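Enquirer: Right, I'll just put the structure down here and ask away after.
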């Protein structure tokens, strides 16, 4: 075991602090904050970089706090930023995004600001975990695949926490919990199948992944932006309704600033239709196209957008034949738009692209590709959708030409 003292300087994408050892090698340190002197156990040493975790804090940052969740002390690996004060979490996310836009996006002076505030605790309506030897819901232990059973969760909505506390999941390998915070709907998906020993509070729908693969449909309803949305077990939804509404508000702010009277909008990677159903224009004669490949999400979008005169196209982004647009709202998977996605956006001729990114590294790559395609960055807003973690959600605006 190698233990060394290091001084950290910044926060990297993924939520680890950055330091350099005596040889100048970069070391990514889990559990540290920028500006600290920490004692670090090296767990992965390579020629160009190393990784380790904090075993002692010699000189702490003023942003360091006692983790509010007792599961951290027990070894739970669910939240990697419990030791970071909530205001500092917001600041660090904006610094991470500004850094990747400069370094990877090649944007000299990016405008990055914190978006609408979202509570760090008690709002997560979706959690995914495993099962311990007693059949209880469990997260993974830090730096291990071993389960650690929990009886409470700081970040979870109370409707989720009740299932965590009271549920028993038998021989299941994985457990996915999703609730409608504003409707009271609750659903649990167990993997690989629903077997004996699964017990949950009354009113909770339970379905096995084997049943979903065989064609069974299961969903909840949630209220967001004044509308009721169907969300199936195999469809994506943001981590909380507050987070979804914050994303919509930030997207709308870019549209209002750069294309308020747009007549043709494309919702690319549309999911259940969130942006297609909520982003507004001052134009009274507008067309909206939603593009999505996931069959479950498309079925939900057809239900959610019925009556909105939205054209829904079920196709993979790479196979989609772009149609003319004034605005493209793109919410791709963690890997980002990539070259194929950016080429598709450019071929629409849209004067404004509003990009929703759930990985800063992917945002940096997409920003460079969009710049090469003739767009310029006009701002980014970071959102704390995943409080007490190093994950960052970003809404960015890119305009074309002299818009």
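Enquirer: So which of 16, 7, 41, 36 ends up being over 28 Å from residue 382 (Cβ atoms) and touching a residue at least 12 places away in the same chain (Cβ under 8 Å)?
Expert: Residue meeting the stated conditions: 41.
Enquirer: Still on this structure, please answer the following. Hey, can you tell me all the residues within region 83-115 that are free of Cβ contacts under 8 Å to residues at least 12 places away in the same chain and either crowded, with 19+ Cβ neighbours inside 10 Å or not in a helix (DSSP H, G or I) (or both)?
Expert: Result: 108, 109.
Enquirer: Hey, can you tell me all the residues within region 338-357 that are buried (at least 21 other Cβ atoms within 10 Å of the Cβ) and in contact with a strand residue (DSSP E or B) (Cβ under 6 Å, 6 or more places away or on another chain)?
Expert: Hits for region 338-357 are 345, 350, 352, 353, 354, 355, 356, 357.
Enquirer: Could you look through region 384-403, keep only residues that are surrounded by fewer than 24 Cβ atoms within 10 Å (Cβ to Cβ) and assigned to a strand (DSSP E or B), and pick out the one that is modelled with the highest pLDDT?
Expert: Among them, the one singled out is 399.
Enquirer: Select from region 181-200 the residues that are in a loop (DSSP other than H, G, I, E, B) and in contact with a helix residue (DSSP H, G or I) (Cβ under 8 Å, 6 or more places away or on another chain) and list them in ascending order. Can you show your working first?
Expert: Going through region 181-200, the residues in a loop (DSSP other than H, G, I, E, B) turn out to be 181-185, 192-197, 200.
Within region 181-200, 181, 182, 184, 192, 193, 194, 200 qualify.
Enquirer: Filter region 52-63 down to residues that are without any contact (Cβ under 8 Å) to a residue 40 or more places away in the chain and surrounded by fewer than 17 Cβ atoms within 10 Å (Cβ to Cβ), then give me how many there are.
Expert: Summing the residues that are without any contact (Cβ under 8 Å) to a residue 40 or more places away in the chain and surrounded by fewer than 17 Cβ atoms within 10 Å (Cβ to Cβ) in region 52-63 gives 5.
Enquirer: Further question: For residue 160, state whether it is at pLDDT 95 or above, in a strand (DSSP E or B) and crowded, with 17+ Cβ neighbours inside 10 Å.
Expert: Numbers: at pLDDT 95 or above: yes; in a strand (DSSP E or B): no; crowded, with 17+ Cβ neighbours inside 10 Å: yes.
Criteria not met by residue 160.
Enquirer: What are the residues in region 186-203 that are within 18 Å of residue 156 (Cβ to Cβ) and either surrounded by fewer than 19 Cβ atoms within 10 Å (Cβ to Cβ) or free of Cβ contacts under 8 Å to residues at least 24 places away in the same chain (or both), if any? First the steps, then the outcome.
Expert: Keep residues of region 186-203 that are within 18 Å of residue 156 (Cβ to Cβ), which gives 186-190, 200-201, 203.
Those that are within 18 Å of residue 156 (Cβ to Cβ) and either surrounded by fewer than 19 Cβ atoms within 10 Å (Cβ to Cβ) or free of Cβ contacts under 8 Å to residues at least 24 places away in the same chain (or both): 190, 201, 203.
Enquirer: Then there is this: Which numbered condition trips up residue 270, out of (1) surrounded by fewer than 21 Cβ atoms within 10 Å (Cβ to Cβ); (2) in contact with a strand residue (DSSP E or B) (Cβ under 9 Å, 6 or more places away or on another chain); (3) under 19 Å from residue 295 (Cβ atoms)?
Expert: Failing condition for residue 270: (1).
Enquirer: Another one. Which residues, counting only those in region 82-100, are closer than 15 Å to residue 394 by Cβ and out of contact with any strand residue (DSSP E or B) (no Cβ under 9 Å at 6 or more places or on another chain)?
Expert: Selection gives 89, 100.
Enquirer: Would you confirm whether any residue within region 301-310 is surrounded by 15 or more Cβ atoms within 10 Å (Cβ to Cβ), in contact (Cβ under 8 Å) with a residue 60 or more places away in the chain and touching a helix residue (DSSP H, G or I) at 6+ places or on another chain (Cβ under 6 Å)?
Expert: Checking region 301-310: not a single residue is surrounded by 15 or more Cβ atoms within 10 Å (Cβ to Cβ), in contact (Cβ under 8 Å) with a residue 60 or more places away in the chain and touching a helix residue (DSSP H, G or I) at 6+ places or on another chain (Cβ under 6 Å).
The values are calculated or read from the model by the stated rules, or taken from the named source; none is laboratory data. Everything quoted here is computed from the prediction, not taken from an experiment. Backbone-built Cβ (ideal geometry, glycine too); neighbour counts: all protein chains shown.
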